[in-house]
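What follows is a short report on a single structure.
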Amino acid sequence: MARFKYNVPRGAKVYHCGPSGDWTSGMFGRAAKLIVLAAVLSTFAAIAFGAYLMMTLPQIDRALSTTRPPSIVFLDRSGNKITGINDAYGQPIEVRKLPTHVWQAIVAVEDRRFFKHRGIDPRGLLRALWRNTLADKAVQGGSTITQQVAKNIFLTRDKTFARKIQELMIALWIEHKFTKEQILTLYLNRVSLVSGRYGIAAASEELFGKPAEELHLMESAMLAGMLKAPHRYSPSNDIELAVTRARIVLNLMLEQKLITHSEFEEAMTYRYRPPARTNSMRRYFVDYASSEAASLIGLPGDDIIVYTTMDTRAQAAAEGAVAAAMRDAAPRHRFSQTATVFLDAGGGIIAMIGGRDYVESQFNRASQMARQPASLFKTFVVLAALEAGIRPDEMFSDQPTCIANWCPQNFDGRYRGPVSMSGALEHSINTVMVQIALKVGFKNIVAAANKLGLIDRMSNDYSIILGTSEATPLDIAAAYSVIARGGIATRPHSITRIESGGTAIFERERTERRLVREDVAATLNNMLRQAVASGSAAGARITGLDIRGKTGTSQNFRDAWFAGYTDLVTGIVWIGNDDNAPMAPDTYGGGVPATIFRDIMSAF
C-alpha cells in the first residue's frame, strides 16, 4: 500500500499520530501514561491495603475457641449457689436442641436469605439501601447474620471503612469454615438482649424464667423483635410495645411460610407473665466479690467457682430488714437509700446491701460511698484517750467549749455538768469529746483512726472529732471489728477459695495483726456495751445478746448510722439520700438504723 505523502514547511514541528506514528509522545500519550500510572498505583495501594487488613485481622481460630468467656459461679459459705445471681453468659446451646421457631424467628427478621447467601447478601444490601432511601433515614440494615457474628465475636464496634471491610472478609471466611447451623449457634450464644448478659439462654431465663428449649412461639418472636432495640422492645420494659414488635416478626414468619395461620393465631393468645423477681440486693455483694476475684487471679481463662463468705441467712435477714425500713420508715423520715455490711469474726463479709434496688442503681454504697460517720468517730477519740492513759471514769464538765472560733453544741442542746468519759461516749456528748480531744492531742486521734484503717479521707482540723472526715460503711465496719475482736485486725474479704477444674487456684490464708492493746480494747468494749444498755444506742438491745454499739447522726440530719457488734459479728447500717438532702429532723442513728441492725441480728 502506498504511503500518503505530504509536504512540511522547513523548521516546522511535526507531531506524529496514527498507526505509523509514536502516539506516546503527544499530549494524549502523556495523559495515557498518567492513567496507566494511576491504575498501577491504585492496584498496588489496593493490594497493600488488603494485605494490611489481613495482617490486622484478629486471630480467628483463637477467638472462636473462646466464643463464650469463662463463667463464674458464686457459692455461699455453705457451698450453695447464691440465688438470684446468674452467669453473664448463659450455658452454651446448640441450635438443633431448640424449637425451630426460635431460630426461624431470628432468621425471618434479621436475614431472610441466610440459607441462600455465602456470608454477604448483595440483594439484601440493595433492598436495605432502597428502603432507607425511600424513608430518607436508616430503617433497615444490610448486614447478614454471618456479618453480625464476625462483628460480635472478632471485631470492635468502630464504624470505620477498614473495620467494615474486615467484617466482610471474616464473614466470607466464616461461611467457608462453618456450616449454617454452626453459624447460627455462634450467633445465638453471643447475642446481647438483656443488660449485662449474653446469649439466648441467658435472655430466656431473665425474661421468661425458663430454659431456651421451652420457649413459646410468641416468646421467640419477642426475643427476635428485641434485636432491633433490646431495652425498648423488652417485655419487662413495655409489654405492649414488645407484643406489637413481636407481631411484626410473626407476620414475617407467616409471609416466609415458616409458620401457619393457625400457629400465628395461637401465638397471639399468649399472655406474658414476668418471672418471679429475685431480690436484687445481693448483686451488690457479687459485684464486690467479682472485683475481689479479679484482683486475686486476674481475668480467668477457664470457668471458675468462687467460694464466698456470704451467709445467705444473714443476707436474707438484711434484705428483709432493709425492705421493711424502706417501705415503712423511709416516707416519714425522708430517706431514699441505705447501706448495710456485716462482717464475721474473721473479717468475712457475711451480708452486704449497697442500696435499695440494684436494678435501679448499681452503685455500691456499702463499699464505694464515703459519708461523714458523725458520732461513730467518737469511739476512736476515746480509743486514743485510753491509749494515752485517760481512765473511763475521769471527769469532765459538759459546758460550752470552743477551739478557736469553732464552738460545737450538743445534739439535744443541753449541758449536764460533770460527766465521765464513759458517760460522754454513752450519751454521745459533743462538748466533752472536744475537751477529751484537746487533752489527747489532734495527732494522736488521727494516728488511732489511721491505725484502724481510716486513712485516706482524714481532714486536717478538729472537726474530725465529731466525725466530719468521710469514710465508707465497709471502712467503719473493719475499724469496729478490731474492737470487737479485742484489738486484733483481719482484712475484710468476700472470698475464701477459687477453683478451676476442681483445683484450687486461690486459697485464703488467715492473717491477723494486733493493733490495739488487749486491755484497752476490753475497756472500750465495756463502754460501748453501756451505750447499748442505757445510752443512745439502746434501740439495738436484744435480750440474751451481748451487743455493743454506737450511734451517729451528721449535721442537718444528712446521715444516720448505727455501728454494733457481738463477739462474732460486726454490723454497720447507714440511711440517707444520694444527693445529701436532709432527712426529717427526728431521724437519728438510734432510731431506724439501730432498728435495722436489731432486726438483722435477731434473725440469725
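Computed quantities for the displayed model
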| quantity | calculated |
| --- | --- |
| Alpha-carbon Rg with Dmax, taken over the range 461-604, Å | 17.3, 56 |
| Rough spin-label spacing in nm, given labels placed 7 Å along Cα→Cβ, for Ser463 and Leu568 | 4.2 |
| Extension gain (nm, one decimal) between Thr511 and Asn450, 0.36 nm per residue minus Cα-Cα | 20.0 nm |
| Computed FRET value (nearest 0.05) for Arg541 with Asp412, which takes r as the C-beta separation and R₀ as 22 Å | 0.60 |
| Highest average packing first - 588-600, 204-216, Cβ atoms within 10 Å | 588-600, 204-216 |
| FRET efficiency, Arg313 to Gln555 (Cβ-Cβ, R0 45 Å, nearest 0.05) | 0.75 |
| Scaled radius of gyration (Cα, divided by 2.2 N^0.38 Å) that the range 375-469 gives | 0.99 |
| Sites Ala294 and Thr100, calculated FRET efficiency, Cβ-Cβ separation with R0 41 Å, nearest 0.05 | 0.55 |
| Packing-based ranking, highest mean first, of 513-526, 559-572, 243-256 given that Cβ atoms within 10 Å are counted | 559-572, 243-256, 513-526 |
| Mean separation of Cα contacts under 8 Å (6+ apart) over length of the range 557-604, as relative contact order % | 42 |
| Ranked by how many other beta carbons lie within 10 Å on average, peptides 71-82, 225-236 from highest | 225-236, 71-82 |
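Readers should treat all values here as calculations from the given coordinates under stated rules, not as data from a laboratory. Remember, predicted model here, so these are calculated numbers, not experimental data. Neighbour counts are summed over all protein chains in view; Cβ atoms, including those assigned to glycine, are modelled from backbone coordinates with ideal geometry.
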